[in-house]
Amino acid sequence: MRCSNSLETLRHQSPEVLQNYSGFLQKHRECAPGNHADFTGGPPWGAGKESCSIAYRNAAKFCHTHRMASRASKIAEFAGVSEATVSRVLNGKPGVAEATRESVLTALDVLGLERPTQLRKRANQLAGVVVPEMTNPVFPSLTAIIGSRLAQRGITPILFTGELSGIQEKDFVNMLLDHSVSGVVFVCCQHSVRGADHDHYTRLVERGMPVVGIQGVSSDLQMACVSSDDFLAADTAVRHLVSLGHRRLGLAVGDHHHIPAARKIAGFRTAVGEQIGEGEDAGRIVETAYSLQGGVTAAEELLEQGVTGIICGSDVIALGVIRGARRMKLRVPEDVSVIGYDDSLFMPSVDPPLTTVRQNLVELGLTAVSLLMRQMAGETVSLREMLFEPELVVRGSTAAAPKSVSV
């Protein structure tokens with residue numbers, strides 16, 4: 001009898017014979033298709049020597065099919081579903097309820113069976129973390145907090161940053177969807193810019209994707225959000241400078257279309273009006289870039305107008321303001337006081353140590369992850385923005401107002 005003629009002989013063998021034949025095939029792998037050497041021994045049921053190429057291929061295919069059928073049967077029995085359903089799940093086919101799919105995958109794990117490659121990749125949930133850039137120290141700090149908490153919860157974070165990449169935020173969203181992420185945290189991205197393109201956020205929300213924004217959300221978006229209270233931050237800074245005798249204050253901040261900047265502007269104007277008055281010289285505002293050079297440029301404009309106290313939209317801007325003041329031969333804090341925002345790493349170590357308004361980054365990051373995970377678990381969360389109170393940290397860059405300043 002030749003195995004190359006038919007598989008009928010194999011189909012009628014007992015499981016013990018099939019197991020022996022599987023070992024026989026393993027022993028004689030050198031006789032795989034393309035190698036025309038003869039078997040050194042016949043099949044277990046005594047057919048004698050065979051020309052092996054076709055026989056090996058047919059027999060190996062049958063044994064593999066037999067093992068797969070047996071595997072599907074075990075999984076189906078354990079999960080309480082049909083073998084056809086098991087096949088659809090293992091091959092990634094649609095038309096299976098999520099609960100049923102999870103039952104099949106759980107059966108795989110409990111029975112000690114290996115998941116198919118495409119399902120192993122999705123076994124651990126993924127979450128996207130999108131930030132605009134990483135040069136501002138607050139973004140790496142916040143990203144580390146978010147990433148660590150996600151990892152602690154068994155979720156793998158995927159970081160996307162627009163810095164120097166030339167990739168638009170909406171393209172990041174497409175990449176995240178390609179990675180089959182389970183949720184996304186956006187840190188101070190376009191969701192916090194009024195008038196920006198928000199179509200990619202709307203698409204995520206319409207698809208039921210769990211989404212959380214940090215630092216403001218435009219009124220046209222329906223998404224959970226956590227933020228620092230920027231209005232209160234500016235108010236607190238103004239009151240500190242007024243308590244030191246300053247009456248000519250300036251604000252160096254980002255574009256007013258950016259929600260955190262707009263809130264600082266509103267808080268600054270309100271506090272100046274309440275504490276000093278509505279005079280033209282009481283409060284000057286310069287919109288600038290969130291960079292050292294942005295701070296230098298803002299300092300030149302504000303100090304030429306006789307400002308003695310400058311509140312900044314970030315610590316990086318504040319460092320630029322100090323540099324700009326020194327270029328104009330002014331001392332900090334003797335001639336001009338400077339307040340930053342964020343309380344970034346190393347701000348106690350700069351010269352002079354920077355007085356700043358500290359964001360509670362830990363609470364922001366942990367709350368954002370909590371909101372994301374609750375959505376991933378199927379809960380409905382409040383879309384009302386959660387505001388966290390900042391804290392004034394007084395150091396060496398603020399002092400009593402000078403009696404006179406010459407620029």
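Below is a table of values for the structure above.
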| read-out | value |
| --- | --- |
| Rounded to the nearest 20 debye, dipole of the range 292-356 from Cβ charges on Lys, Arg, Asp, Glu | 220 debye |
| Centre separation in Å (Cα based) which lies between the range 294-338 and the range 193-215 | 36 Å |
| DSSP-defined beta bridges in the range 148-283 - what % are antiparallel, rounded to 5 | 10 percent |
| Net charge, G294 excluded, C-beta distance under 15 Å - Lys, Arg +1, Asp, Glu -1 | -4 |
| The range 283-385: relative contact order as a whole-number percent, Cα under 8 Å and 6+ apart | 20 percent |
| Peptides ranked, highest mean first, by Cβ atoms within 10 Å: ranges 302-315, 254-267 | 302-315, 254-267 |
| Cβ crowding within 10 Å averaged over residues, with 86-96, 129-139 ranked highest first | 129-139, 86-96 |
| Proximal charge balance of R263 [Cβ under 9 Å; K/R count +1, D/E count -1] | -1 |
| Highest average packing first - 151-162, 380-391, Cβ atoms within 10 Å | 151-162, 380-391 |
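Throughout, read-outs are computed from the coordinates displayed, never taken from laboratory work. Quick caveat, the model's predicted, so the values are computed rather than measured. Please note: Cβ atoms are built from the backbone with ideal geometry, for glycine as well, and neighbour counts cover all protein chains shown.
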